[in-house]
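To start, the structure under review is shown below, and the notes come after it.
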Amino acid sequence: MSKRKAAPPAPASANPERGERVLELGGATYVLRPSHEAIVAVEERLGKSNLALLRLGNSGDLTNVQLAAIAAGFIRAGAKDDLGRAVNETKLGKAIYERGAAAVTTVLTLCLLDAVQGGRSAEGNGKAPAANNQEAAGDV
C-alpha cells in the first residue's frame, strides 16, 4: 500500500483589478501589489521616485539591491500572512540572482508602470471609471 503525498499548497494568485502580479523566486510564488504604501516604502528605501525607478527598469539598469527592495515592498503589500510580510531583502536578492535579473526586472517594471498609471485607490483597489458627464466637462 503506497502512501499518498499531500497536495502542494495552491499557488498564490494575483488580482489584476488591483494591479497585482505574481513573481516566482526560489521555489516560492509571491503576489506583488503596487499599493501606495508599497510605493512610498520603496521610494524611501531607495531614495528614488517611482518614475525614476520605472525608467531604470525600462532601460534594464536596476541593480540587484534595487530589484530586491522593490520586490520586497510589493510582496509585503500583497502578503496574506506574516511570513510574506517578513520577506528578507538579502534572500530575495540571492533568489533574483539565481533566477536571472531580466525576468524579474520585467515583472517589477510592469508593477511600477501600473502604479504610475494610477486608476486605483491608495490601497490598490480598482476604482470605477469616472462617469462621462459632458455638462461637468463644459460641453453643453
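No lab work stands behind these numbers, since they all come straight from the coordinates. Quick caveat: nothing in here was measured; it's all calculated off a predicted structure. Note that we place each Cβ from the backbone using ideal geometry, even for glycine, and neighbour counts take in every protein chain shown.
Values computed for the structure shown
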read-out: Environment charge at residue 83 (Cβ cut-off 14 Å; Lys +1, Arg +1, Asp -1, Glu -1); value: +2
read-out: Estimated distance in nm for a label pair at residue 59 and residue 110, the labels positioned 7 Å out from Cα along Cα-to-Cβ; value: 2.4 nm
read-out: Backbone HN-Hα couplings from phi across the stretch 66-73 [Karplus 6.51/-1.76/1.60, Hz, Gly and Pro as x]; value: 5, 4, 5, 5, 5, 4, 4, x
read-out: Computed over the stretch 16-117: relative contact order in percent, which uses C-alpha pairs under 8 Å that are six or more apart; value: 38 percent
